[in-house]
Structures are given as structure tokens and as C-alpha cells.
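Input: a single structure, listed below in C-alpha cells.
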Amino acid sequence: MIFSELNLKKWFSKLYVLMSLVGCSYESVKLPDVSSTANDNVAQTDSYSSYTDVDKIQAYGQFLLPVLRAQKCVECHGATQVPKFAVVDSYAAFKAGDKYIDFAAPLGSRFYRRPKLENHNCAPNCDTIAEAILGGLEAYKQQLQSKKSGK
């Protein structure tokens, strides 16, 4: 069986969830960072790179940025700590955060994995924060897809 990049991303996303259930952290097992290729040929028919930066920035500012700013992310990544993906300026925030979005599989996005699997600065509400971010990622994706289809 030949594994496509998309299938590997989905497999690693499921593995991360299983690791978290047994108490392993992302750092304890050095797996490849599946988010590093999030912008590379996600799918032939719905490639992330086929969307314009203008559309991505607008969708990020409308659907993902408000969620990131409403969560604890803004405390560090809103002004003082790199990457500054939660700053008020949608363009600057998008440029800093775009590489953390896995368009094909939002569960593989670093934005989601950090609170959900690594409990990154989110205690005691990591699951709630992760789910809110996942909702933002899914809304971001839906907005881009609806723009492309003209809906």
C-alpha cells in the first residue's frame, strides 16, 4: 500500500491522540512534524495553495484570529512572544500563524495539537481551548472552500 502525504498526516494525527491518552507527550516521542508540509499539495482538487492570500487573510481574521485572541494564546502570542499569530493585525497574525494550519486535517494543525496533546500553557482548560481552536480552524476551512465554490 502506498501512503500519500495526506494519509500519513491523518495517521500521525491519530497517533498523537493515542499518545495523549496513554500520557505520552509530543516531545517524549520524536515523530516528524506533520504540520511542516501543511501548505504543500494537500489535495489535488482542493489544494491550500490554490486559495489567494487575500482570501486566507480575510478568513483567518474573521474566523481563526478571534478564537486565538479569546483563548490564552493572546497572553503570549498577542504581542510579546514569537510567533505572534494572535496580534490584532490580521495580516501580521496570518503571516506568523499560517504554517501552523493543516488545511487538509485540522486535527493535525499545531494550533490544535499544542493545547490538546501538549497542554501548552492552557491548564486547567486545555481540552476546552483545543476544541474552540478546532472550531475556528474548521470555520476557516469552510469559509475558504465556500469562497472557492462561490457559495
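The values are calculated or read from the model by the stated rules, or taken from the named source; none is laboratory data. Everything quoted here is computed from the prediction, not taken from an experiment. Note: ideal-geometry Cβ built from the backbone for every residue, glycine included; neighbour counts use all protein chains shown.
Output the number of residues of the range 110-136 satisfying the condition of being more than 18 Å from C76 (Cβ to Cβ) and among the aliphatic types (A, V, I, L, M).
2
So which residues in the range 83-103 are crowded, with 21+ Cβ neighbours inside 10 Å and of a type in the set (G, A, S)?
Selection gives A86, A93, G97.
Scan the range 23-61 for residues that are more than 15 Å from the chain's Cα centre (by Cα) and modelled with pLDDT of 80 or more and jot them down.
S47, S49, S50, Y51, T52, D53, V54, D55, Q58
Of all residues in the range 108-151, how many are of a type in the set (D, E, K, R) and buried (at least 18 other Cβ atoms within 10 Å of the Cβ)?
So the count comes out to 5.
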